[in-house]
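Enquirer: Quick one: structure below, then a few questions.
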Amino acid sequence: MSMFQEEFVATSAAVRVRFGAGARHAVGEEMDALGLGRALVLSTPQQAATAEEFAARLGARAAGTFAGAVMHTPVTVSDEATAIVRSLGADCVVSVGGGSTIGLGKAIALRTDLPQIVVPTTYAGSEATPILGQTEGGRKTTITSAKVQPEVILYDPDLVTTLPAAMTVTSAFNAMAHAAEGLYARNRSPLSTLMALEGLRAFKDGLPRVLADPADVRARGETLYGAWLCGTVLGQVGMALHHKLCHTLGGSFGLPHAETHAIILPHAIAYNEAAVPDLLAPVADIFGAKTAGRALHDFAIASGAPLALRDLGLDEPDLDRAAELATQNPYWNPRPVERAALRHLLQAAWAGRAPAA
Ligand code: NAD
């Protein structure tokens, strides 16, 4: 199938990507290339030892470490880390971790304009986007700014081998969601579509091999390659119903980010497939199923992904309010977002049933 579009506008960020086992050791080299001298290495508390290893390898070029990154990028933590960056005289940040750590690096860049060298250890894709979600007083706001787009990404499959199996699966679905919604985005381009399809293919081929042997560096590499492609799609095009549902369920009901993505994806895609079957047909082809929704559901089962919102602790009576909230201020979507149809979708996702289409 051709990706030709009669009209499009395509914008790509100026990002340097270095990919391969051992790429993590190139932080110093990349700092030299950018004329940088002192890095603050960021991580979560859980990955503090990894951050220390990076600092040790950097030697005198490490200003220090800050292992205080947490979920949802609270501004209090970002302000604290920014004060540390300033007091240490660091001239760049090195973010080692998943979306939470990368979010902290972006928040520091927003406040200081310092360059970011990012070493992702999950598939979530934040490293490839100019998007920052922050929380203050329980409220989440999202900004899009070239200031927060990381300058250098070092993708090293060795670092992802430690990602636990359950997170490997949900993080992969988080990435695949960006690609799947990218296929029908209003501002898609032939480039974003090519990346989305190749990203999905990389997960289809790589994820089963990673799950069979989590230490298989080649398979980890293929899935990380998929994460780069899917994250780059997220950085280039707008998201729709799937992301709106996930943000509603996460924001108003406290459901966990990656698990919610994994459960909702087949249902949101099936919902939109009714409106844009041609745009989603390649997904069914890649996964070898009749429809894209069914394909993703079958892949979720085969991967051992969570399937039911009820298993995340959502109560059935909350589904009415979730459907109501998800129809308020809807994101653009290829199919009109109707409350009754959404309620139906949510019921299936709550019970863990196959999507309707
Ligand atoms: P995360 O960064 O919150 O990581 C979850 C846990 O796993 C942490 O304890 C982390 O230290 C640990 N971990 C990460 N990689 C590991 C590894 N290889 N081995 C062992 N442990 C590891 O999880 P995430 O799903 O990557 O990020 C979620 C956050 O990122 C959310 O806040 C989400 O909103 C945000 N996000 C933002 C964007 C964007 O473009 N702005 C894109 C995707 C996700």
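The values are calculated or read from the model by the stated rules, or taken from the named source; none is laboratory data. Here the structure is a predicted model, which means the values were calculated and not measured. As a convention, Cβ positions derive from the backbone with ideal geometry for all residues, glycine included, and neighbour counts pool all protein chains shown. Areas reflect the complete protein model, heavy atoms only, side chains present, ligands, DNA and RNA absent. Shrake-Rupley method; radii C 1.70, N 1.55, O 1.52, S 1.80 Å.
Enquirer: Hey, if you drop one equal point scatterer on each alpha-carbon of segment 185-235 and run the Debye formula without solvent, what base-10 log of I(q)/I(0) do you get at q = 0.26, 0.27, 0.29 Å⁻¹?
Expert: Once normalised to I(0) and log-transformed, intensities are -0.85, -0.89, -0.98.
Enquirer: With each label point set 7 Å from Cα along the Cα-Cβ vector, what nm distance links Arg86 and Ala146?
Expert: 2.5
Enquirer: With a probe of 1.4 Å, find how much accessible area segment 213-306 has per residue, and write the answer as a whole number in Å².
Expert: Computed with neighbouring chains in place, this is 33 Å² per residue.
Enquirer: Measure nothing fancy, just the Cα-based angle from helix 318-327's long axis to the longest principal axis of the chain, in degrees from 0 to 90, nearest 10.
Expert: Helix 318-327 sits roughly 80 degrees off the main axis of the chain.
Enquirer: Moving on. Just how far, in whole angstrom, is segment 66-125 from segment 291-348 if you go by their alpha carbon centroids?
Expert: The two parts, judged by their Cα centres, are 32 Å apart.
Enquirer: May I ask you to give the percent of accessible area on segment 121-165 that is carbon plus sulfur, with a probe radius of 1.4 Å? Could the numbers behind the result be given before it?
Expert: Values: 950 of 1800 Å².
C and S fraction of accessible area: 53 percent.
Enquirer: A further question on this structure: Considering lysine pairs in the chain that are 8 or more places apart or on different chains, how many have Cα atoms under 26 Å apart? All intermediate terms of the calculation are to be shown ahead of the outcome.
Expert: Working: Lys106/Lys140; Lys106/Lys147; Lys106/Lys244; Lys140/Lys244; Lys147/Lys244; Lys204/Lys244; Lys204/Lys290; Lys244/Lys290.
Taking the Cα cut-off of 26 Å, the pair count is 8.
Enquirer: Sticking with this one: Express the carbon and sulfur contribution to the solvent-accessible surface of segment 41-89 as a percent, rounded to the nearest whole number, probe 1.4 angstrom.
Expert: Values: 1390 of 2420 Å².
Heavy-atom surface of segment 41-89 belonging to carbon and sulfur, 1.4 Å probe: 57 percent.
Enquirer: Separation between the Ser2 and Ala60 pseudo-spin-labels, each 7 Å from Cα along Cα→Cβ, expressed in nm?
Expert: Using points 7 Å along Cα→Cβ, the separation is 6.0 nm.
Enquirer: With everything on Cα atoms, drop me the angle between helix 217-236 and the longest principal axis of the chain, reported from 0 to 90° to the nearest 10.
Expert: It is inclined by approximately 80 degrees.
Enquirer: Moving on to the next point. Over the residues of segment 15-148, compute the C-alpha Rg and express it relative to 2.2 N^0.38 Å. Present the calculation step by step, with values, prior to reporting the outcome.
Expert: Details: Rg = 13.5 Å, N = 134, 2.2 N^0.38 = 14.1 Å.
Against the compact-globule rule of thumb, the ratio is 0.95.
Enquirer: Might you report the magnitude of the Cβ-based charge dipole of the chain about its Cα centre, with Lys and Arg at +1 and Asp and Glu at -1, to the nearest 20 debye?
Expert: Working: 28 positive and 34 negative charges, 50 e Å.
My answer is approximately 240 debye.
Enquirer: How big is the equivalent ellipsoid of the chain along its three axes, where each semi-axis is √(5λ) from the Cα gyration tensor, reported in whole Å from largest to smallest? Walk me through the intermediate numbers first.
Expert: Values: eigenvalues 224, 94, 74 Å².
They are 33, 22, 19 Å, listed largest first.
Enquirer: Leaving out ligands and nucleic acids, note down the accessible area per residue over segment 1-79 with a 1.4 angstrom probe, in whole Å². Before the final figure, lay out each step's value.
Expert: Working: 4520 Å² over 79 residues.
On a per-residue basis, 57 Å².
Enquirer: For Arg335 and Ala166 in one chain, what is 0.36 nm times their gap in residues minus the Cα-Cα distance, to one decimal in nm? Numbers along the way, then the final one.
Expert: On the way: separation 169, 0.36 × 169 = 60.84 nm, distance 3.18 nm.
Taking 0.36 nm per residue and subtracting the Cα distance, the gain is 57.7 nm.
Enquirer: A follow-up question, please. Carbon and sulfur atoms: what percent of the 1.4 Å accessible area of segment 213-357 do they account for? Numbers along the way, then the final one.
Expert: Numbers: 2990 of 5800 Å².
About 52 percent, which is the carbon plus sulfur part of the accessible surface.
Enquirer: I've got another one for you. Expressed as an acute angle from 0 to 90° and rounded to the nearest 10, what is the orientation of the C-alpha long axis of helix 292-303 relative to the principal long axis of the chain?
Expert: Taking the Cα atoms of the chain, the angle to 292-303 is about 60 degrees.
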